[in-house]
Structure formats: structure tokens, C-alpha cells
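Heads up: the structure comes next, in C-alpha cells.
Read-outs throughout are calculated quantities, based only on the coordinates presented, and are distinct from any laboratory measurement. In this text, all values refer to a predicted model and were calculated from it rather than measured experimentally. Positions of Cβ are generated from backbone atoms using ideal geometry, with glycine treated the same way; all protein chains shown enter the neighbour counts.
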Amino acid sequence: MNDLAVVFSPVLDLSHEELNEDVPLLQTPSNSNYVPDAVVPPGEPWLHGGPSRAVLSLPACLSLRTNGASSVEEQGEMKVYAKCQLQQGVLFGPFLGEVCKGQMLSNLRYAWAIRDDSAFTYVDASDENKSNWMRYVSYTSNEDEHNLVVFQFYRHIYYKVCQSISEGTELKVWIGKDYASLLGLGMSEFYSIGFMCCSG
């Protein structure tokens, strides 16, 4: 096994100008474990029958599988797996999608809420061509099953590896107490109202 994830150069695709404010803070030496998305080729290849933007953004240290299969072309729900050992503290993000302000989404399967002062903004990643690979990470409501935790950094959502992930292991994200608290939810309240249901 190797440590590909911790040696990537911290470079972000800055095609989304609202990300600019986070980049300097994420690229400090203390955040050398930051793994950016893969650079998406120009020309929007998904418009010509190529893979979706979400698939193309997958970092080299990860793989997509469909219902346990090795080919992403097969039908079914995609999941994200580690291609190498991912150490605790590795960061992924930001979670990309369409930003929806002032309205509750009807489908929260591929969405996260962002606390912006006293209001909520939602990042909706239901469109694979307007989002990134993070939409495919399975969400778990069981604290014992997760290996990633979600957090809000300024006005963006990131995932952090909270325990070492072995090669071949599926990535699973959990809301965590800090994020729930930021949204003003107790953990029992979060589960009872089903505030967010990410992919998985």
C-alpha cells in the first residue's frame, strides 16, 4: 500500500469563483493532507456522450464502483472506494452542486445544508454534470460505520477522514456532532426529522 493521498499537490480547479476565498486557507502547510478534485477536461465532454463531470472529478486515490462491480458504466448506484491507504486527517472538497438559497429542497438525497448567518443555503448535487464525485459517497446514520465526517468551512462543505481507511474500503460519511450543532440540531433531532439524506 502507498500513501498517494497525502502527497498530492494542493491545487484546486478554480472555475467556481466562489471557492477562491477558501483556497489560501486550505493550501497552508498544515493542510498538506488536502486532496483536490481531479482537473475536469475542458469542453464539457459529458455533452458529447462522455462521462459526467462528477465522474471526471474523482481524485486518483479513489475509485467508483457500481453495486460492487468494477465498471462505472454498469447500471446501479455508484459508491466511492479507496485505491490506497487514506490516513486520518485527509481532507476532500468542496462538495459541488447548484446553490439553492431561501428554499427547502424537495429531494435532499444529494444535498448538504450550509449555515449562512441565520439562514440556510443548500448545495444540490443531484445533477451529475453540475457536481463532483462527493455526491457518490454513501451517507450513514450509524456512527460506528463512518470513516468520513462532514464539516462546513466558510460557505462550503468538506469531508475529513476521521479514521484510517484501508485500500478497497468504501468511503462513508456521517453528519458528526459539530456539523449538527452548527445547523442547530441535536443528534436525536437530526435523526427524527431526517434533515439531510446524502447519497447511499
How far apart, in nanometres, would the label points at VAL99 and SER32 be if each is projected 7 angstrom from Cα along the Cα-to-Cβ direction? 3.2 nm
Residues of region 149-172 with backbone nitrogen within less than 19 Å of a virtual label 7 Å along the Cα-to-Cβ line of SER63, please, listed as ranges. 165-172
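I need VAL35, VAL99, VAL80 ordered by Cβ neighbour count within 10 Å, fewest first. Mind showing how you got there, number by number?
On the way: VAL35 23, VAL99 13, VAL80 26.
Fewest to most other Cβ atoms nearby, the residues stand as VAL99, VAL35, VAL80.
Based only on other Cβ atoms within 10 Å, what is the fewest-to-most ordering of PHE92, PHE151? Mind showing how you got there, number by number?
Numbers: PHE92 27, PHE151 17.
With the sparsest Cβ surroundings first, the list reads PHE151, PHE92.
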Residue order, fewest to most beta carbons within 10 Å, for MET134, MET104, MET78: MET104, MET78, MET134
Length added when fully stretched, TRP46-ARG155, from 0.36 nm per residue minus Cα-Cα: 36.5 nm
